[in-house]
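Visitor: Have a look at the structure that comes next, please.
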Amino acid sequence: MNVLNAIIQGLLLGGLFALFACGLSLMFGVMEVINLAHGDIAVAAVYLALSVMAVTHIPGIWVFVIVVPIFVVGGYFGQRLFLQRSLDSGPITTLLVTFGLSVVLQNVLLEVYSANSQSVNIGSLVSGSVQISSQIELPYLSMIFLGTAVVALGAVNLFLSRTATGRMVRAVADDREAAQLVGADYRHLFGIAAALAAGTVALAGLALGMYTSISPSSGPSYLLYGFAAVVIGGLGSLWGTLIGGMVLGLATTLGSLVDPDFGAMLPYLVFLAVLAVRPRGLFPKRALV
Amino acid sequence: MNGATLTLEALPARQPAIVVTRSRRPATWAGALCSAGIAVLALLPYIASQGFISDLVNLMILVCVATMWNALAGYVGLVSVGQQLYIGAGAYTVLYLAQHGWEPFSTVPVAIVGAAVLAIPASFLVFRLSGAYFAIATWVLAQVAALFVARFGSLGGGTGTAVPGLDGFGASNLLRDYYWLSLGITVLSVLGVYLLLRSRLGLVLTAVRDNEVGARSVGSRVMIAKRVVYLLAAAGCAGAGCVLAISQLEVEPGNVFNVQWTAYMIFAVLIGGFGTIEGPVIGAVVFFVLQQTLANYDVWYLIVLGSVAMLMAIWARQGLWGLLISKVPVHLFPVGYYVHNQPGIRERQGLSRLVLGRVVQSRNRGGHANGKPGTERAISSNHTTTGIAGETKEDR
Amino acid sequence: MTLLEARGLTVCHGQLEALRDVSLSVSAGEVVAIIGANGAGKSTLLRTIAGLHTPVVGSVLMDGRDITHLGPEKRVAAGIVLVPEGRRLFASLNVEENLLAGLYRGRPGAWDMAKVFELFPWMRDRRRQPASQLSGGEQQAVALSRALLANPRVLLLDEPSLGLSPLALRRIYAVLPALVSSGLGILLVEQDVRQALKVADRLQCLLEGRQTLEGVPSELDVEEIETAYFGIAQTTRNAGA
């Protein structure tokens, strides 16, 4: 009974992890960069949402309409103006710079918002669920999150496969030089990828902020979970990332049946096991979609 | 590159013999100065205030871990974001043994060796990875260790517990003792890295830093070199962890396994200078000074240092030390080879590869017998212009 | 009329000098072939003209305009398109998507998808096939089409014969005359000297980054070419160690 519930919860949670991981997967596939500040961007989105709500009194469930576009634009310019320079210096530099960014971001949030845990209040929608049977219930919120994750991932997928720019993003991920030779400005395309990454992770962060409470230092755990989802699912494949997210979600909920601390540890153990045995993941293919 | 050859036997007899030494005069001075400095530091507890001594302990922990991180990242190219695993391992070994009746200071050698032993299987896991995978894997290992340790109530669980056996000392005696401990560990760490780099293994490492594929192709034992450095870094960080445990009188997973330590290491090294021995020391000092100066402003020091470190990573990777010695070419910790009386040899990047294969080290008996020390040129493997661990700026 | 000109190009890869003082020109409607042994610098030359390398000395001009410091993406707009060595198709894209990539920032002109399918009818039926599943010759056809869809005025072809069966090679080369007659200039790098001699209006030979021969194929004899190619009679080698 609990196991079945845990499985369903795990799958729903997986959608959220996948949304976190989507941006990581995209950035790695396109630019070969792991943004160590990825999780902190999600946390920053929540805090920005709180400030926006405090100022404009928009209900929590709609605040993403303002916040996500801000991050999309911010992601594009952050990439072109800042991250691109460290990319030109090399992969180690980029690791170090994004790590530094993560620390700085966490501490700026700490200074501005204090260390208290906060969450986004969305009123009565938090509770409430559908009762499938006497044992199984599907919380509204979790289903909305999974739905959002699937829609968002699907939208990104559509963009990459159906639009000219999306096609070129995939092309530049395959072969940057060849893309230049057909006239593509790879810096612009990198910016697009970063914008998508920032947008999806902001959305994921907001969802998380509604589901649970976050604090300025919550970022790194989400980065690790996101990265784990990418690795487990197979690098660069968006749908693989969804599977990877679900594996992690299951590990979290099933592990929590043993005890809550184990629930926190099991996803990492699964990740390490995958690294040890199949570092290329469950569905390794170098293509993005 | 075609022109330089160092097969000394091939030169005609009337040319002055090539002299290759390990260091020049400034280094001997530096060596003497360092020894004197260490002696002064050792005597400080008798003259300086307790607050100052306590600060120095924290500074030395920083120097130690920064040096260890730099050995991994700057010389082997392994960017670890999880050295706190070994800091915690050291601290918890001290705690565990102290709880079982050991005198706390006597646990330190065991903790250090234990961490090195722990690093062996860890290295087999993480060495299969590179780049971001390696970095995050090290981070995850540290997280898992923290979560694992927190399950044991006897070790204090998630909130930590005090280290037994420290109350009998008396506050000032204890301070003096762990001050000397930290001094000893830090000196040993820096010395260890220095000696390692001077050795043949060190030559392999510098070659790896410049160009790993090239180093392998010359037959260098790259894997062994990497593993030795990884173990050394684990040992050094564990030593720092031991000092932490004793100086803070308690061990808490949220503290010793905190990724904050990595932030300290990285920022210190980026500011001081990547890939040199002097760099992390300088960087740690700058870091520490800023930390103390901005102590009243919460975490602004981290924001400032982090931002500076990021900018330096992009634009000034040689760090403060690198900037300094580009004006005044001095190596306090010489690990390269200096060729005297051979004006044709210019400082080359990656020349350490040539040296690795072919140089015949000879000492000219009785000083510079051929008179003119001024024409000496440095084949310095302290620096390359390729930047960090073999990556090059694209010339497109 | 001269479309493309390269003057005194010297290009270095790090400390290695790949090209030294190389000059050439390509006019509308002509095929210029560059031959030379491996490592002679042929690919470097094409890549420099395409903008992937910046010369330390020398300049590249298109229609008399100096484009030496123009990035590779902008050169497509200027009318210079490179079909790189090894085809370099986008592996995760299918045939059609690869072709569409050529249109992405291409210039307006005669080439469009319909014309490409006319030239290579098999592509129409197999346009949804992943590019990675094509044979060498088919990939070369797609790579060539992708370049043509950008409507270049000068087409750079880097070793089209590499990895191709003789039949596929013949098919690719059979296409060239029609391209040239429409006013396109072609700069061709080829290891297969015979093939190069057959299609080229003018020939140049590179050896260790330097030009050793230049001329019209009909006026050159085999011995001259051999000497220039292999450099046996060269006296300008560096003194070794």
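Visitor: I need the phi-derived Karplus couplings for the stretch B:59-69: 6.51 cos²θ - 1.76 cosθ + 1.60, θ = phi - 60°, integer Hz, Gly and Pro marked x.
Guide: So the Karplus estimates, Gly and Pro as x, are 4, 5, 4, 4, 4, 4, 5, 5, 4, 5, 5 Hz.
Visitor: List the pair-distance distribution P(r) of the protein assembly as shown, using every Cα-Cα distance, as the percent of pairs falling in each 10 Å bin from 0 up to the bin containing the longest distance, rounded to whole percents.
Guide: 2, 11, 17, 20, 19, 15, 10, 4, 1, 0, 0
Visitor: Sticking with this one: Note down the nm distance, to one decimal, between modelled labels 7 Å out along Cα→Cβ at A:Thr212 and at B:Ile224.
Guide: 4.7 nm
Visitor: Also, I was wondering about something else. Whole-Hz ³J(HN,Hα) for each residue in the stretch A:15-24, computed from phi via Karplus 6.51 cos²θ - 1.76 cosθ + 1.60 with θ = phi - 60°, x for glycine and proline: what do you get?
Guide: My calculation for the stretch A:15-24 gives x, 5, 4, 4, 5, 4, 6, 3, x, 4 Hz in order.
Visitor: Also, I was wondering about something else. Averaged over B:261-270, how many beta carbons belonging to a partner chain fall within 10 Å of each residue's beta carbon? The partial results should precede the final answer.
Guide: Details: counts 0, 2, 7, 1, 0, 5, 5, 0, 1, 5.
That works out to 3 on average.
Visitor: Please give the FRET efficiency for C:Gln133 paired with C:Leu167, using the beta carbon to beta carbon distance and R0 = 30 Å, rounded to the nearest 0.05.
Guide: The computed FRET efficiency comes out at 0.95.
Visitor: Okay, next question. Using 0.36 nm times the number of residues separating B:Leu125 and B:Cys34, minus their current alpha carbon distance, what extension gain do you get?
Guide: Once the chain is fully extended between B:Leu125 and B:Cys34, it gains 28.9 nm.
Visitor: Moving to a separate point now. Give me the distance in nm between label points sitting 7 Å out from Cα along the Cα-to-Cβ direction at C:Ala28 and B:Gln260, one decimal.
Guide: For the pair C:Ala28/B:Gln260, the computed spacing is 7.2 nm.
Visitor: Could you tell me the distance between the Cα centroids of the stretch B:65-130 and the stretch B:26-55, to the nearest Å?
Guide: 26 Å
Visitor: For the stretch A:1-110, what is the relative contact order in percent, using Cα pairs closer than 8 Å and at least 6 residues apart in sequence?
Guide: 34 percent
Visitor: If you don't mind, there's one more thing I want to ask. Using θ = phi - 60° and the Karplus form 6.51 cos²θ - 1.76 cosθ + 1.60, what ³J(HN,Hα) does each residue of the stretch C:136-152 get, whole Hz, x for Gly and Pro?
Guide: x, x, 5, 4, 5, 5, 5, 4, 4, 4, 4, 5, 5, 5, 7, 6, x
Visitor: For the stretch A:132-208, just the Cα atoms, rotate onto the principal axes and tell me the three extents in Å, largest first.
Guide: Each principal axis gives a Cα extent; for the stretch A:132-208 these are 61, 21, 16 Å.
Visitor: Additional query: List the residues whose amide H sits under 5 Å from the amide H of C:Val57, counting only those 5 or more places along or on another chain, with H placed 1.01 Å from N in the peptide plane.
Guide: Residues meeting the criterion, in which the H sits 1.01 Å from N, are C:Thr10.
Visitor: Restricting to DSSP loop positions (anything but H, G, I, E, B) with no more than 10 other Cβ atoms inside 10 Å of their own Cβ, which trypsin sites (Lys or Arg not before Pro) remain in the stretch B:180-283?
Guide: none
Visitor: Moving on. Taking the Kirkwood radius as the inverse of the mean 1/r across Cα pairs, report the Rg/Rh of the stretch B:47-260.
Guide: On the way: Rg = 17.6 Å, Rh = 17.6 Å.
Result: Rg/Rh = 1.00.
Visitor: Follow-up. With a Förster radius of 30 Å, plug the Cβ-Cβ distance of B:Trp102 and A:Glu111 into 1/(1 + (r/R0)^6) and report the FRET value to the nearest 0.05.
Guide: Values: r = 42 Å, r/R0 = 1.40.
Working from the Cβ atoms, E equals 0.10.
Visitor: Oh, and also: Could you order the peptides A:97-107, B:151-161 from most to least packed, using the average number of other C-beta atoms within 10 Å per residue? Don't jump to the answer; show the numbers that get you there.
Guide: On the way: A:97-107: 24.8, B:151-161: 13.9.
Going from most to least packed, we get A:97-107, B:151-161.
Visitor: For the stretch C:5-129, take N as its residue count and report Rg(C-alpha) divided by 2.2 N^0.38 Å.
Guide: Compactness ratio reported: 1.21.
Visitor: How much mean residue ellipticity at 222 nm does chain C get from its helices, if each DSSP H run of length 4 or more adds -39500 (n - 2.57) and you divide by all residues, to the nearest 500 deg cm²/dmol?
Guide: Rounded to the nearest 500, the figure is -9500 deg cm²/dmol.
Visitor: When you look at the Cβ of every residue in B:302-313, what mean number of other chain Cβ atoms sits within 10 Å?
Guide: Counting other chains' Cβ atoms within 10 Å and averaging over B:302-313 gives 6.
Visitor: Please report C:Asp63, C:Asp125, B:Asp177, C:Asp221 as a ranked list, fewest other C-beta atoms within 10 angstrom at the top and most at the bottom.
Guide: C:Asp221, C:Asp125, C:Asp63, B:Asp177
Visitor: Fewest first, what order do C:Arg65, B:Arg176 take by the number of other Cβ atoms within 10 Å?
Guide: Listing C:Arg65, B:Arg176 from fewest to most nearby Cβ atoms yields C:Arg65, B:Arg176.
Visitor: Order by neighbour count: B:Met68, A:Met143, fewest other Cβ atoms within 10 Å first, most last.
Guide: On the way: B:Met68 32, A:Met143 15.
Arranged by neighbour count, lowest to highest, B:Met68, A:Met143 become A:Met143, B:Met68.
Visitor: Please provide three numbers in whole Å: the alpha-carbon extents of chain A along the principal axes, with the largest listed first.
Guide: 61, 47, 34
Visitor: Here is a further query. Expressed as a whole number of Å, what is the distance separating the alpha-carbon centroids of the stretch A:147-197 and the stretch B:294-313?
Guide: 35 Å
Visitor: Please give the Cα centre distance for the stretch B:245-278 versus the stretch A:13-82, rounded to the nearest Å.
Guide: When both Cα centres are located, 29 Å separates them.
Visitor: Hey, could you grab the Kirkwood Rh for the stretch A:82-185? Inverse mean 1/r over distinct alpha carbon pairs, Å, one decimal. Please list the in-between numbers first.
Guide: Values: mean 1/r = 0.0536 Å⁻¹.
With all distinct Cα pairs of the stretch A:82-185 included, I get 18.7 Å.
Visitor: Say each of A:Arg80 and A:His57 gets a label point 7 Å from the Cα, pointing the same way as Cα to Cβ; how far apart are those two points in nm?
Guide: Roughly 3.8 nm, to one decimal.
Visitor: Another question about this same structure. Using a Förster radius of 51 Å, what is the FRET efficiency between A:Ile136 and B:Leu294 based on their Cβ-Cβ separation? Nearest 0.05, please.
Guide: Once the sixth-power term is evaluated, E becomes 0.40.
Visitor: Arrange the peptides C:93-106, B:44-57 so that the one whose residues have, on average, the most other Cβ atoms within 10 Å appears first.
Guide: Per-residue mean Cβ counts within 10 Å order the peptides as C:93-106, B:44-57.
Visitor: Mind checking the stretch B:253-316 for chymotrypsin sites (Phe, Trp or Tyr not before Pro) that DSSP puts in a loop (not H, G, I, E or B) and that have at most 13 other Cβ atoms within 10 Å?
Guide: B:Tyr297
Every number here is computed from the coordinates shown, using simple stated rules; none is lab data. These numbers come from a predicted model, not from an experiment. Cβ coordinates were reconstructed from backbone atoms using ideal geometry, including for glycine residues, and neighbour counts include every protein chain displayed.
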